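The values are calculated or read from the model by the stated rules, or taken from the named source; none is laboratory data. What you see is a predicted model; the values in this text were computed from it and never measured. Methodologically, a virtual Cβ is constructed for each residue, glycine included, from the backbone with ideal geometry; neighbour enumeration extends over all protein chains shown.
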Amino acid sequence: MNKQIKTDYMIKGMVEDFKKKPNHKLLDQIIGLKFKHIRLKKDITAEAVVQDNKIYFKTIYSLYKFEKGITTTTAKLFALSKYYKYDITQLFERLN
């Protein structure tokens, strides 16, 4: 099983858990995994994302922390949504 399929299954399971019992930490993990899934789907390396968004991500590890849901901030969320051209409202509609 490749990483893209694995993250897709993880997101679906986490969304179902979130709908049953909302939790801010779980929401951060869902957001991070969703952006990791988009990065893998578009076949963009972590190095390229960090290189193009130096203001928000100082190192590759800061991107990985965001994708794990450890350091989810609004600024990074909007920066990546613009970078990947992803409409965030789709994700929030799915969670409601």
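Structure notes:
- Residue count for region 54-70 under the criterion of being assigned to a loop (DSSP other than H, G, I, E, B), surrounded by 17 or more Cβ atoms within 10 Å (Cβ to Cβ) and out of contact with any Lys or Arg (no Cβ under 8 Å at 6 or more places or on another chain): the result is 0.
- Some residue of region 5-22 being of a type in the set (S, T, N, Q), out of contact with any Lys or Arg (no Cβ under 7 Å at 6 or more places or on another chain) and either surrounded by fewer than 16 Cβ atoms within 10 Å (Cβ to Cβ) or outside any loop (DSSP other than H, G, I, E, B) (or both): no
- Residues of region 57-78 include none that is under 18 Å from Lys12 (Cβ atoms) and in contact (Cβ under 8 Å) with a residue 60 or more places away in the chain.
- Filter result for Lys36 (at pLDDT 90 or above and surrounded by fewer than 16 Cβ atoms within 10 Å (Cβ to Cβ)): no
- Filter pass, Ile31 being in contact (Cβ under 8 Å) with a residue 60 or more places away in the chain, aliphatic (A, V, I, L, M) and surrounded by 16 or more Cβ atoms within 10 Å (Cβ to Cβ): yes
- Of all residues in region 12-28, those that are without any contact (Cβ under 8 Å) to a residue 60 or more places away in the chain, farther than 16 Å from Ile70 by Cα and under 14 Å from the mean Cα position of the chain (by Cα) total 1.
- Residues of region 71-96 satisfying the condition of being in a helix (DSSP H, G or I), of a type outside the set (Lys, Arg) and either modelled with pLDDT of 85 or more or in contact with a His (Cβ under 9 Å, 6 or more places away or on another chain) (or both): Thr74, Ala75, Leu77, Phe78, Ala79, Leu80, Ser81, Tyr83, Tyr84, Ile88, Thr89
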